[in-house]
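Only one structure is covered here, and it is reproduced in the block below.
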Amino acid sequence: MTNDNAPVLGDPVHADPVHADPVLGDPVLDDPVLDDPVGQSLGARHAPLARRLGRAATYLPDVATFSAVSTDPDAADWADLAELLGPGAFADMFSCPALPPPDWEPVFSLEGRQMIWSGAARPDRPGSEPAAGVAELGADSVPEMLDLVARTEPGPFRPRTRELGTYLGVRVNGTLVAMAGERLRPPGWTEISAVCTAPEARGQGHAARLISALAARILARGERPFLHVAETNTGAIALYERLGFRTRRPVTFRGFRTP
């Protein structure tokens, strides 16, 4: 049976009002929406892109791989998610700390960290227009985006992933060589993701320019940027720290296969 006293997937939660200013105040390290970024996104900004059953939800298959259950899941929640995904399906639980029943086969486990913009360094261009040489990527850019993702492997990216938020790119001689975009959207926050640069275009500052341009847009909306990174990706962590991000907490990314 469903635990009626458990939090419902995507129910709005709020940080201490003392720390409510998302741009000018101190980093909101204790904002609870960041502990469940997938569920909070699926229950709010990304609800039109979600499939839901009970207290379980997942993105449409061609949008994203991520799924979520209640923050205090019971057996019924996991059964609902299994029904949503289907038998033998991949369940990407992102950073969810709860473990599914034993008959869910583990697929991967990866240590990482969640980082938030600290306010220590403001992006160079705080307006809504892209920086010079940076262009917004529309639906007609999807084939190029998928090709770049296939070559650089920044993480899960599907044909409709760009519908999660704004994606920016850099082209050289008409070829897309770098991109980054907005992914998870828990209330008050926007995740920067899919940061990638073609091997032949690395070392030219494209990633830093794209992240700064996205962060400027996010801040201009009155939200705060955050991101996730694998613990082994020390180069990316160093870049994010130089751009003003700091570690909020360690996370473990996990994937499973449904019974």
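The values are calculated or read from the model by the stated rules, or taken from the named source; none is laboratory data. Please read all numbers here as calculations on a predicted model, not as lab measurements. Neighbour counts are summed over all protein chains in view; Cβ atoms, including those assigned to glycine, are modelled from backbone coordinates with ideal geometry. These accessible areas exclude ligands, DNA and RNA; they are computed on the full protein's heavy atoms, side chains included. Shrake-Rupley method; radii C 1.70, N 1.55, O 1.52, S 1.80 Å.
Close amide H pairs (under 5 Å, H built 1.01 Å from N) link Val251 with Gly112, Arg113, Gln114, residues at least 5 positions away or on another chain. Per-residue 3J(HN,Hα) values for the stretch 201-213, derived from phi via the Karplus relation 6.51 cos²θ - 1.76 cosθ + 1.60 with θ = phi - 60°, read 10, 6, x, 10, x, 5, 4, 4, 5, 5, 4, 5, 5 Hz in sequence order (x marks Gly and Pro). Taking θ as phi - 60° and the Karplus parameters 6.51, -1.76 and 1.60, the scalar couplings of the stretch 98-107 work out to 6, 9, x, x, x, 7, 8, 7, x, 10 Hz in sequence order, x denoting glycine and proline. Scalar couplings 3J(HN,Hα) for the stretch 243-259, obtained by applying the Karplus form with A = 6.51, B = -1.76, C = 1.60 to θ = phi - 60°, are 8, x, 8, 9, 6, 8, 6, x, 9, 10, 7, 9, x, 9, 10, 5, x Hz; x denotes Gly and Pro. Simple point charges give the picture: +1 on the Cβ of Lys and Arg, -1 on the Cβ of Asp and Glu, and for the stretch 110-259 a dipole about the Cα centre of about 460 debye. Residues whose amide H comes within less than 5 Å of that of Arg224, counting only those at least five positions distant or on another chain, are Trp189, Thr190 (H built at 1.01 Å from N in the peptide plane). Overall, the accessible surface of the stretch 31-89 at a probe of 1.4 angstrom is composed of carbon and sulfur to the extent of 57 percent. Surface analysis of the stretch 139-259 yields an accessible area of 40 Å² per residue, using protein heavy atoms and a 1.4 Å probe. Calculated translational diffusion coefficient of the stretch 33-120 (4 °C, 1.567 mPa s; Stokes-Einstein with Kirkwood radius over alpha-carbon pairs) equals 94 µm²/s.
Scaled against the 2.2 N^0.38 Å expected of a compact globular protein of N residues, the Cα radius of gyration of the stretch 192-259 reads 1.30.
Charge tally for Thr175 (other residues, Cβ to Cβ under 10 Å; Lys, Arg +1; Asp, Glu -1): -2. Less than 5 angstrom separates the built amide H of Val195 from those of Gly181, all sequence-distant by 5 or more or on a different chain.
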